[in-house]
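What follows is one structure encoded as structure tokens, with my remarks underneath.
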Amino acid sequence: MARVYNFSAGPSMLPLEVLKTAAAEMCEYGSSGQSVMEMSHRSKEYEAIINETRDLLRELMEIPENYEILFLQGGASSQFAMVPLNLMTRSGKADFVITGQWANKAYKEAARYGQANVVASSADKTYSYIPKLDPSTFTKDADYFHICLNNTIYGTKYHTLPDTGDVPLVADISSCILSEPLDVSKFGLLYAGAQKNLAPAGVTIVIIRKDLIGEPQAITPTMFTYKIHAENESMFNTPPCYTIHVAGLVLKWIKNSIGGLQEMKKRNEKKAALLYDFLDQSKLFRGTVVKEDRSLMNVPFVTGDQELDAKFVAEAKAAGFVNLKGHRSVGGMRASIYNAMPMEGVEALVAFMEKFEQENR
Ligand SMILES: *Cc1c(COP(=O)(O)O)cnc(C)c1O
């Protein structure tokens, strides 16, 4: 077996321990005589799996009892529509901060179902910072206020949350879920596609305050109705059974092998600091994000010379560091260092970058 260090922004690395467990139980889960892939989602065995996964997520993220956890499909992108369809139901207004492509897509989709207002944007500097927010500019009677907590493509994250008062804060946490503790009680709704930091693609996590689960807009498809999924405990139709199971394995890994989200955060901070410290002293490479808004998970960087960037990406790939090419809208490089990326992966990358710098000065 020869595994590379995979810096993909998503789908991304899973912990090796989890992959090994999944492999060992591929043909028979426990003494069930079948793979989890083959199980009826209504079986006792599967019910135990989804319940345990939900309980573990609640425990690790310290999700209060007045929040529902939903396992849905359709990716974070479906939430761009599902959130407004279910929440834009009183004033029909919502506020958005545009910190990148995902935030912008959430805004554009919501604008189809109600009055979506942009309160701030960092488009002027290629989303390399989080805009300073002035609560006096927020819509007082908005049904919700939407942010993208960690901006996967641009490598920024909110280090402080906007103060939205009584307006529920909604956050896309696709690329930072479980990377560090998060005070769930500060939010009305959180959502995340699984394939960055939790599981293979296929399941979308929604964590919603129970009082926000109401009647959706009249045009809302049944499958896009939170109430239906909440009432049916994410079993209204067949859930993405196997992906939910792997999410459960990842949660067990965080709990038992890492030691919880405080420990996860420490590890992630160490990894990120190693890379950022290198970038800050390098004469060849530099990070593209203002220091105070840097992400723990996605680290974009450039040399300032497109040909040299391409050479770096190619040589890195040949050396076993894959998916380092930056998003086409930013160029350069991006190292996504999610939970499953071990410290050794970042150490090896930094050593490789040092060598590249010496050879290309
Ligand atoms: C990847 C990503 C998305 C899109 O997720 P899908 O599951 O592919 O729909 C949305 N938001 C953020 C922050 C992401 O990183």
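The values are calculated or read from the model by the stated rules, or taken from the named source; none is laboratory data. The model shown is predicted, which means the values in this text are computed figures rather than measured ones. Cβ coordinates were reconstructed from backbone atoms using ideal geometry, including for glycine residues, and neighbour counts include every protein chain displayed. We work out accessible area using only protein heavy atoms, side chains counted, and drop any ligands, DNA or RNA first. Shrake-Rupley method; radii C 1.70, N 1.55, O 1.52, S 1.80 Å.
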(message) Tell me the residue from LEU349, LEU308 that is assigned to a helix (DSSP H, G or I) and either touching a strand residue (DSSP E or B) at 6+ places or on another chain (Cβ under 8 Å) or buried (at least 20 other Cβ atoms within 10 Å of the Cβ) (or both), please.
(response) LEU349
(request) Would you check which residues across the range 311-331 are open to solvent by less than 20 Å² (accessible area, probe 1.4 Å) and farther than 16 Å from VAL4 by Cα and list them? (result) PHE312, GLY326
(message) Among the residues of the range 185-195, are any in contact with a Gly (Cβ under 9 Å, 6 or more places away or on another chain), under 20 Å from TYR67 (Cα atoms) and crowded, with 16+ Cβ neighbours inside 10 Å?
(response) yes
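A quick yes/no check of all residues on (1) open to solvent by 20 Å² or more (accessible area, probe 1.4 Å); (2) in contact with a strand residue (DSSP E or B) (Cβ under 7 Å, 6 or more places away or on another chain):
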{"residue": "ALA199", "(1), (2)": "no, no"}
{"residue": "GLY202", "(1), (2)": "yes, no"}
{"residue": "ILE205", "(1), (2)": "no, yes"}
{"residue": "ILE208", "(1), (2)": "no, yes"}
{"residue": "ALA218", "(1), (2)": "yes, no"}
{"residue": "THR222", "(1), (2)": "yes, no"}
{"residue": "ILE228", "(1), (2)": "yes, no"}
{"residue": "PHE236", "(1), (2)": "yes, no"}
{"residue": "ILE244", "(1), (2)": "no, yes"}
(message) Considering only residues that are open to solvent by less than 10 Å² (accessible area, probe 1.4 Å), in contact with a Phe, Trp or Tyr (Cβ under 8 Å, 6 or more places away or on another chain) and not hydrophobic (A, V, I, L, M, F, W, C), which ones fall in the range 125-149?
(response) HIS146
(message) Exactly one condition in (1) more than 16 Å from the ligand (Cβ to nearest atom); (2) under 17 Å from the mean Cα position of the chain (by Cα); (3) not aliphatic (A, V, I, L, M) is false for LYS105; which is it?
(response) (1)
(request) Could you check, for the range 206-223, whether at least one of its residues is within 16 Å of the ligand (Cβ to nearest atom), among the aliphatic types (A, V, I, L, M) and under 20 Å from the mean Cα position of the chain (by Cα)? (result) yes
